[in-house]
Amino acid sequence: MGTLSLNWVNPVAVLGLTFLAVFLECNVRSFRLLAGAQLDLLAPIMVYVAMTEGIFMVSLTSAVGGVLIDSLSGNPLGISVLPLLTTGLVVHHLRDLALQDEWVSRCIAGACAGPAIPLMTVLSLLGAGRHPHLGWWSLWQWLVVTVTSGLMVPILFGIMEKVKQALNYQPQPALAFRPDREIKRSRN
């Protein structure tokens, strides 16, 4: 009988985390009242997915996250998908150049992806003929998103590592002998 493969655990956990992130962004207002900017959790998720998964998961996460966040915001439906996808593909393409296991490189990737997604979203809105509310306060919000995205990526890696350990089978240590071997003992 073959071994049971649990390749579905990480994708389901990532998509569940994406749903939870959009829910928290839209319903938790304490950070917005304290910092003056909305906490962006999709950028760290995109960095995590781009560094650990394949292009299919990057595309799926950007589509699900973009449609979910647009359905709960004033943006046209689907306008956030392309910035999320572009950021995910760039990080995925450059992931071999980064030291993926170092928290500093994770922070830098998050700090670069965090402001890139809102910037591309604003450019997409302007290209679509929309007029987003921009001003000097937008620079502060952009800075807050940069810092929080940079700090959230290592935290997200830690959370997802704990989820993987909890839900995946742990490898068994190798035995010193084969279990089907018969040991013959004699008194010679």
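In debye to the nearest 20, how big a dipole does the chain give about its Cα centre with +1 on each Lys and Arg Cβ and -1 on each Asp and Glu Cβ?
I would put it at about 700 debye.
Could you derive backbone 3J(HN,Hα) for segment 55-62 from the dihedral phi with the Karplus parameters 6.51, -1.76 and 1.60 (θ = phi - 60°), listing whole Hz in sequence and x where the residue is Gly or Pro?
Karplus values, whole Hz, x for Gly and Pro: 5, 4, 5, 4, 5, 5, 5, 5.
Please compute the length gained on full extension between Asn7 and Ser186, using 0.36 nm multiplied by the number of residues separating them and subtracting their Cα-Cα distance.
59.6 nm
How would you rank Val81, Val104, going from fewest to most other Cβ atoms within 10 Å of each one's own Cβ?
Val104, Val81
In percent, what relative contact order does the chain have, based on Cα pairs under 8 Å that are 6 or more apart in sequence?
It comes to 25 percent, rounded to a whole number.
Which order do Cys26, Cys112 fall in if you start with the one that has the fewest other Cβ atoms within 10 Å?
By the 10 Å Cβ count, ascending, the order reads Cys26, Cys112.
On full extension of the chain, what length is gained from Asp101 through His131, given 0.36 nm per residue of separation minus the C-alpha to C-alpha distance? Intermediate results must be reported in sequence, preceding the final value.
Details: separation 30, 0.36 × 30 = 10.80 nm, distance 4.07 nm.
Stretched out fully, the Asp101 to His131 stretch lengthens by 6.7 nm.
Would you work out which of Leu151, Phe31, Met46 lies farthest towards the positive end of the dipole of segment 9-167? Charges go on Cβ: Lys and Arg +1, Asp and Glu -1.
The listed residue farthest towards the positive side: Phe31.
In square nanometres, what is one fourth of the surface area of the convex hull spanned by the alpha carbons of the chain?
15.9 nm²
Here, each number is a calculation from the coordinates, and none is a lab measurement. This structure is a prediction, so every number in the text was calculated from the model and none was measured. Please note: Cβ atoms are built from the backbone with ideal geometry, for glycine as well, and neighbour counts cover all protein chains shown.
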